[in-house]
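Remarks on the structure that follows.
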């Protein structure tokens, strides 16, 4: 009883703090506004560099002589394994259930401008990364802030927030949402969530103890498989509701932009939840994926920035859109049952068309998504631990991180999401400051790279 009361109080307190941080337009303007500024500053790199980015992902212009630990594709897969997670299933459903269908539109906006943000932060992570004598790489916003701006305290602040966030957004949220999705198929599982968490923790431990190379190897195999499986199932549902798709887009735009149709408060909630869940899903501006991309085998920072730019496109503009459209065209979002929140709502939507098979797709997909996100975020956390405390802290961090998977699977969903939202924003703010201050440097690197015909032949 004492533990239940403590968790209830903690949930209420974190909910108030999360609401304070995310419920004001200054936060939203800062997040989206930075992406808009960088889009303009980088001359719409998400459009002009898109074709070249595709070629880089395919392995063109790569050399094994370059410095780094993993290939472009493996770095992208590692970062995508962190972003393509429960945010694509549970996050979209939460955004739509709390913010209405219009939230999906604001997730699109966050992703579109987030491509420029991702390009900027990952280019900087390559520019200012550290390479040890053994070839191991350490990079990310803390190194950008330290070496690029000489802001040691702000660099340490980011690393502290990233370390804490790894336990929330990268660990407990994933384990909790996995249980939520599986429990939709087998309701009795909800009482034994810790058992699922224990199984997941064992699998996670076997991977993350091998470091970034093992993580990248698993991610580059798992991410394409799980994304294709999930998108194929979503397309099957949409094909069965093809006639309803145009009306779904009209509904999305109305709820996102038309206060006369749905009310100003509804539009405000759509913006709030769309931006919050968009950031949670694609992590543009958060400062997490630059740590994975810093390990890429390349001597050209701009190349990895272009590769990283594909993350919000794949994660939000493709996969999240699939989830959102399925929820809307099936009408599942209109069911206001308290049990249909997060992953359970997505499973319910897929079940409308695919029956029990739809719930299985979501449950299986959620398990793979959660697993891949947990292993990728472990790397982000251990890079932060290394920055703060040195190499000796990495292994203890990995052990604690693995054990918290079990805890995350057993605590209430609302508490976990509150922690994730708070740590998301606290990570993002120092990173965004660094991006704005160093945007001129990135633009110079971009101009230099594209001015050399021997490096860009397409």
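The values are calculated or read from the model by the stated rules, or taken from the named source; none is laboratory data. Quick caveat: nothing in here was measured; it's all calculated off a predicted structure. Cβ coordinates were reconstructed from backbone atoms using ideal geometry, including for glycine residues, and neighbour counts include every protein chain displayed.
Can you find a residue that is surrounded by fewer than 17 Cβ atoms within 10 Å (Cβ to Cβ) and at positive phi anywhere in the range 149-166? Yes, the conditions are met somewhere in the range 149-166. Listed conditions (1) farther than 22 Å from residue 178 by Cβ; (2) crowded, with 24+ Cβ neighbours inside 10 Å are all met by residue 345, apart from (1).
Answer yes or no as to whether residue 267 is touching a residue at least 60 places away in the same chain (Cβ under 8 Å), assigned to a helix (DSSP H, G or I) and farther than 19 Å from residue 33 by Cα. Spell out the reasoning first.
Details: touching a residue at least 60 places away in the same chain (Cβ under 8 Å): yes; assigned to a helix (DSSP H, G or I): yes; farther than 19 Å from residue 33 by Cα: no.
Answer is no for this residue.
Quickly run through the range 287-309 and pick out the residues that are out of contact with any strand residue (DSSP E or B) (no Cβ under 9 Å at 6 or more places or on another chain), surrounded by 24 or more Cβ atoms within 10 Å (Cβ to Cβ) and more than 19 Å from residue 439 (Cβ to Cβ). Passing the criteria: only 288. Counting the residues of the range 108-156 that are touching a residue at least 24 places away in the same chain (Cβ under 8 Å) and assigned to a loop (DSSP other than H, G, I, E, B) gives 7. Set side by side, the residues 273, 260 differ, and just one is in a helix (DSSP H, G or I) and either at pLDDT 85 or above or touching a helix residue (DSSP H, G or I) at 6+ places or on another chain (Cβ under 9 Å) (or both), which is 273. Within this structure, residue 249 fails the test of being in a helix (DSSP H, G or I) and either in contact with a helix residue (DSSP H, G or I) (Cβ under 7 Å, 6 or more places away or on another chain) or buried (at least 19 other Cβ atoms within 10 Å of the Cβ) (or both). Considering the range 93-127 alone, what residues qualify as being more than 17 Å from the chain's Cα centre (by Cα), within 30 Å of residue 299 (Cβ to Cβ) and buried (at least 24 other Cβ atoms within 10 Å of the Cβ)? Listed by number, the residues that qualify are 123, 124, 125, 126. Of the candidates 90, 79, the single residue that is closer than 23 Å to residue 44 by Cβ, buried (at least 24 other Cβ atoms within 10 Å of the Cβ), in contact with a helix residue (DSSP H, G or I) (Cβ under 6 Å, 6 or more places away or on another chain) and in contact (Cβ under 8 Å) with a residue 12 or more places away in the chain is 79.
Yes/no matrix, rows are residues, columns are (1) under 27 Å from residue 394 (Cβ atoms); (2) over 20 Å from the mean Cα position of the chain (by Cα); (3) modelled with pLDDT under 80; (4) in a helix (DSSP H, G or I):
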residue	(1), (2), (3), (4)
175	yes, no, no, yes
184	no, yes, yes, yes
201	yes, yes, no, yes
205	yes, yes, no, yes
214	yes, yes, yes, yes
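Does residue 163 count as part of a helix (DSSP H, G or I), closer than 23 Å to residue 362 by Cβ and touching a residue at least 24 places away in the same chain (Cβ under 8 Å)? The answer is no for residue 163. Considering only the range 31-46, I want to know if a residue exists there that is exposed (fewer than 14 other Cβ atoms within 10 Å of the Cβ) and modelled with pLDDT under 90. No.
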